[in-house]
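Structure first, commentary second.
The values are calculated or read from the model by the stated rules, or taken from the named source; none is laboratory data. A quick note: this is a predicted structure, and the numbers were derived from the prediction, not measured. Heads up, the Cβs are rebuilt from the backbone with ideal geometry, glycines too, and the neighbour counts pull from every protein chain shown.
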Amino acid sequence: MDANKRKGKMVFRKRRGNTNGRFTSSLVWPSRFLSVVLFMLCGKAITAQNASNGTGTINPPPLRISTHDLNIKVGQTENVLLFPTENFEPVFRNITQSTYLVFHSSVPDVIQPLENITLADSTGFIKSNHTLNIFALDAGILTVTSQIVPENISIYEPSNIFLRVEVYKLETLLILSNIVGWIYFAAWSISFYPQIIQNYQRKSVRGLSLDFVFLNITGFSVYAIFNIGLYWFKSMQQEYYVEYPHGVIPVQLNDVVFTIHALFACGITVVQCLIYDRGSQTISDTGKMLLCTLLVFVFVIFIVAASKAISWLTFLTWCSYVKLVITLIKYVPQAYLNWYRKSTSGWSIGNVLLDFTGGIFSLTQMIFIAFNHNDWASFFGDLTKFGLGFFSILFDIFFMVQHYVLYRSHAAYDPIEGGDSPADPNQYDGDITTSNHFAGSVDSAEIENGGVPSGDNNYYDNQQPPISPAAIAVEQNDSQSTQVPPMNTDSSDN
């Protein structure tokens with residue numbers, strides 16, 4: 001009996017070792033590819049940045065403005081300074097007609113219309129500082145641009161003279177919005193660790209979908225390319241400003257920090273999947289095909305961008321689209337695995353609760369901003385951001401229903417004391433569905449009759465064979481027949 005058990009255990013470990021080798025080797029080239037893309041992108045961006053630093057504009061524009069961004073409360077006034085530079089006189093020296101700088105607002109009735117500024121008249125140019133009085137009439141978000149009139153004078157295009165104005169109703173909502181922003185930032189940052197801690201405590205990743213794990217790290221990898229490229233490299237920022245002259249770089253320092261941290265946390269989870277017990281589970285064929293398709297797509301657009309057929313900004317934009325696609329589909333494999341196993345054991349509910357908290361607070365911040373700035377178009381108009389946040393919340397709710405309602409009676413993973421390790425495949429941990437990732441529901445009648453539960457082809461690789469009622473009866477009869485009679489202590493025997 002013991003020899004058969006040892007033989008079965010050796011066979012199981014041998015087969016599992018081969019699976020580990022194939023599983024690990026299948027991940028080598030995708031990880032190398034992402035590393036190469038990151039390093040080549042950084043090198044290309046640094047080269048372009050150095051080149052742009054040596055060929056920049058020597059002469060400053062003839063006019064400058066003290067700020068491009070203004071945040072003001074309804075009913076208040078803010079002053080913005082417009083001043084000439086040393087090149088004002090050379091540009092307007094030969095102008096002999098009245099020339100004005102005219103302002104246009106993208107949204108009417110939010111601020112008081114700005115007066116035109118006279119730059120020159122029949123006597124020549126007028127070089128002086130000007131103060132723009134910005135009075136907020138109503139809440140809203142707008143852009144103020146400028147134009148030189150008459151239009152036939154093409155000596156200067158005042159593309160650098162613009163204002164991005166945000167008019168808010170309540171200062172309290174600004175404070176609350178910032179607090180809410182830090183809350184969801186913290187919740188999303190911490191959300192990676194419940195799963196990592198649970199994997200470490202169990203020394204097992206059974207119940208955690210490998211498709212989800214590797215889709216997740218792939219998504220954050222391309223997202224890191226997007227954030228790092230737009231935040232740290234001036235050449236790509238210049239391309240962005242050419243495309244969106246009055247826009248704001250959509251990446252801040254906290255975005256970069258969050259992405260790098262998420263990539264680090266996902267990397268830990270990947271390592272755990274490689275070194276901890278995972279049973280017979282591996283990446284599905286569908287998952288492999290999907291990952292290969294996405295990586296090949298990123299590689300192709302990288303080559304196209306390196307050959308200058310498209311801009312690096314276009315490459316970064318498509319990387320962000322890949323991240324969006326992964327965010328939409330990455331939860332599906334885990335939800336399917338929970339349903340197939342009829343259990344959520346191995347999938348950390350703490351991760352779900354923190355992700356749900358972050359999503360709720362993120363949407364709350366969007367509502368605060370939309371209400372405070374009377375800008376509901378940005379809330380519903382940005383379907384990508386709104387849709388992804390709402391979609392993630394729906395999946396979190398679905399996971400909570402699975403954990404607390406549908407499969408709430410599942411047994412927790414409880415290592416057997418005295419065993420080799422919690423990951424010993426021959427130990428029964430109290431949860432039959434976690435002994436094999438793809439095991440279906442267990443029929444107790446099948447077990448009592450000595451059968452193998454349906455859907456679990458590796459049942460005997462993971463658990464001890466069931467004992468039949470007949471064997472139990474024989475064992476009880478043997479124990480009764482070998483009982484020692486009680487000692488007679490009657491004094492008459494002496």
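Is it true that some residue in the stretch 279-292 is assigned by TED's automatic domain parsing to the domain that holds LEU215, in contact with a Ser or Thr (Cβ under 8 Å, 6 or more places away or on another chain) and within 30 Å of GLN238 (Cβ to Cβ)?
No: zero hits.
Looking only at residues in the stretch 194-209 that are hydroxyl-bearing (Ser, Thr, Tyr) and crowded, with 17+ Cβ neighbours inside 10 Å, which one is nearest to the chain's Cα centre (by Cα)? Write out each step before concluding.
Of the residues in the stretch 194-209, the ones hydroxyl-bearing (Ser, Thr, Tyr) are 200, 204, 209.
Filter again for crowded, with 17+ Cβ neighbours inside 10 Å, leaving 204, 209.
Values: SER204: 24, SER209: 17 Å.
Among them, the one singled out is SER209.
Of all residues in the stretch 154-186, count the ones that are touching a Ser or Thr at 6+ places or on another chain (Cβ under 6 Å) and either modelled with pLDDT of 95 or more or farther than 13 Å from LEU114 by Cβ (or both). Explain how you work it out, then say what you get.
Pass one, the stretch 154-186, residues touching a Ser or Thr at 6+ places or on another chain (Cβ under 6 Å): 158, 161-162, 164, 180, 184.
Next, only the ones that are either modelled with pLDDT of 95 or more or farther than 13 Å from LEU114 by Cβ (or both) stay: 158, 164, 180, 184.
Adding up the residues that qualify gives 4.
Going through LEU82, LEU34 one at a time, which residue ends up being of a type outside the set (Phe, Trp, Tyr), under 30 Å from ASP375 (Cα atoms) and at pLDDT 55 or above? It would help to see each step written out before you state the result.
Details: LEU34 fails: under 30 Å from ASP375 (Cα atoms).
The unique qualifying residue is LEU82.
Output the residue which, of all residues in the stretch 59-73 that are surrounded by fewer than 17 Cβ atoms within 10 Å (Cβ to Cβ) and part of a loop (DSSP other than H, G, I, E, B), is modelled with the lowest pLDDT.
By that ranking, first place goes to ASN59.
Suppose we filter THR327, THR314 for residues that are within 30 Å of TYR404 (Cα to Cα), β-branched (Val, Ile, Thr) and at pLDDT below 95; which single one remains? Quick ask: steps written out before the conclusion?
Working: THR314 fails: within 30 Å of TYR404 (Cα to Cα).
Exactly one residue qualifies, and that residue is THR327.
For the stretch 257-290, name all the residues that are buried (at least 17 other Cβ atoms within 10 Å of the Cβ) and of a type in the set (Phe, Trp, Tyr).
PHE258, TYR276
Would you be able to say whether some residue in the stretch 154-167 is aliphatic (A, V, I, L, M), surrounded by fewer than 18 Cβ atoms within 10 Å (Cβ to Cβ) and not in a helix (DSSP H, G or I)? Before you say what the answer is, go through the steps one by one.
Step one: of the stretch 154-167, the residues aliphatic (A, V, I, L, M) are 155, 161, 163, 165, 167.
Then keep just the ones that are surrounded by fewer than 18 Cβ atoms within 10 Å (Cβ to Cβ); that gives 155.
Now restrict to residues that are not in a helix (DSSP H, G or I): 155.
Yes, the stretch 154-167 contains at least one residue that is aliphatic (A, V, I, L, M), surrounded by fewer than 18 Cβ atoms within 10 Å (Cβ to Cβ) and not in a helix (DSSP H, G or I).
Within the stretch 257-268, can one find any residue that is at pLDDT 95 or above and over 15 Å from the mean Cα position of the chain (by Cα)?
Yes, the stretch 257-268 has at least one match.
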